[in-house]
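Asker: Sending over a structure as structure tokens; questions will come in a sec.
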Amino acid sequence: MTEKATFAAGCFWKPEHVYRQLEGVECTSVGYMGGITKNPTYEQVCTGRTGHAEVVQIEFDPNIISYEKLLDVFWECHDATQLNRQGPDIGTQYRSAIFTHNNRQEELALHSIKQYEISEGMKGLIKTEICIAGDYWEAEEYHQQYIEKSSSFRYGVR
């Protein structure tokens, strides 16, 4: 039986690509969560008026990969000290957030953030939100598995 995990770590392309490489991750998709507009488009989300974050939603087998490991990858694949941005991408849609699907995920996320805050590699205050997962709106097809589809993508250029 699989579980869901949902993370916002800036632009959704890189986190999706990273999570897809992990054994135990059954599938991923990118989309929008945390806002007020029903079924938003990418263009609407980019205005900042919908309140949505770009997220990666992961379906994983907890017998193969733990939620704690997914949290570790979350911290490693973005800078959680930046507010509403990741590198050159600026706006509330690029915020750092963990959207939890049950009480256990919430407890593990809270513990994880405390551990990350005291880690030696921490350079600033964490700006990550922990929120209860709400409606998930899948992004347009051209965003799905973007890195695998795009030979022109280069890390650090987007």
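The values are calculated or read from the model by the stated rules, or taken from the named source; none is laboratory data. Since the structure is predicted, the reported quantities are computational estimates derived from the model, not experimental observations. Ideal geometry is used to build each Cβ from the backbone, glycine not excepted, and the neighbour counts take in all protein chains shown.
Asker: Would you confirm whether any residue within segment 123-133 is charged (D, E, K, R), farther than 22 Å from Ser29 by Cα and in contact with a Lys or Arg (Cβ under 9 Å, 6 or more places away or on another chain)?
Answerer: Scanning segment 123-133, I find at least one residue that is charged (D, E, K, R), farther than 22 Å from Ser29 by Cα and in contact with a Lys or Arg (Cβ under 9 Å, 6 or more places away or on another chain), so the answer is yes.
Asker: Out of (1) in contact with a strand residue (DSSP E or B) (Cβ under 9 Å, 6 or more places away or on another chain); (2) modelled with pLDDT under 95; (3) not basic (Lys, Arg), what's the single condition that is false for Pro40?
Answerer: Of (1) in contact with a strand residue (DSSP E or B) (Cβ under 9 Å, 6 or more places away or on another chain); (2) modelled with pLDDT under 95; (3) not basic (Lys, Arg), only one is false for Pro40: (2).
Asker: Continuing with the same structure: Please go through segment 49-82 and pick out each residue that is surrounded by fewer than 15 Cβ atoms within 10 Å (Cβ to Cβ) and within 20 Å of Gly35 (Cβ to Cβ).
Answerer: Scanning segment 49-82 gives a single hit, Arg49.
Asker: Could you list, in sequence order, the residues of segment 110-128 that are of a type outside the set (Lys, Arg), surrounded by 15 or more Cβ atoms within 10 Å (Cβ to Cβ) and outside any helix (DSSP H, G or I)?
Answerer: The answer is Ile126, Thr128.
Asker: Could you grab me the full set of residues in segment 1-45 that are of a type in the set (Asp, Glu) and closer than 14 Å to Leu70 by Cα?
Answerer: Answer for segment 1-45, where residues must be of a type in the set (Asp, Glu) and closer than 14 Å to Leu70 by Cα: Glu3, Glu16, Glu23, Glu26.
Asker: Read through the list (1) of a type in the set (Ser, Thr, Tyr); (2) crowded, with 22+ Cβ neighbours inside 10 Å; (3) touching a Pro at 6+ places or on another chain (Cβ under 8 Å), then give the number of the only condition that Tyr94 fails.
Answerer: Only one criterion in (1) of a type in the set (Ser, Thr, Tyr); (2) crowded, with 22+ Cβ neighbours inside 10 Å; (3) touching a Pro at 6+ places or on another chain (Cβ under 8 Å) is unmet by Tyr94, namely (3).
Asker: Another question, if that's okay. Could you list, in sequence order, the residues of segment 52-92 that are β-branched (Val, Ile, Thr) and either touching a strand residue (DSSP E or B) at 6+ places or on another chain (Cβ under 7 Å) or touching a residue at least 40 places away in the same chain (Cβ under 8 Å) (or both)?
Answerer: If the condition is that a residue be β-branched (Val, Ile, Thr) and either touching a strand residue (DSSP E or B) at 6+ places or on another chain (Cβ under 7 Å) or touching a residue at least 40 places away in the same chain (Cβ under 8 Å) (or both), then Val55, Val56, Ile58, Ile64, Ile65, Val73, Thr81, Thr92 are the ones that fit.
Asker: Please enumerate the residues belonging to segment 76-106 that are hydrophobic (A, V, I, L, M, F, W, C) and either at pLDDT 95 or above or over 10 Å from the mean Cα position of the chain (by Cα) (or both).
Answerer: Ala80, Leu83, Ile90, Ala97, Ile98, Phe99
Asker: Inside segment 31-48, can you point out the residues that are under 16 Å from the mean Cα position of the chain (by Cα), surrounded by 21 or more Cβ atoms within 10 Å (Cβ to Cβ) and farther than 21 Å from Leu108 by Cα?
Answerer: Gly31, Tyr32, Val45
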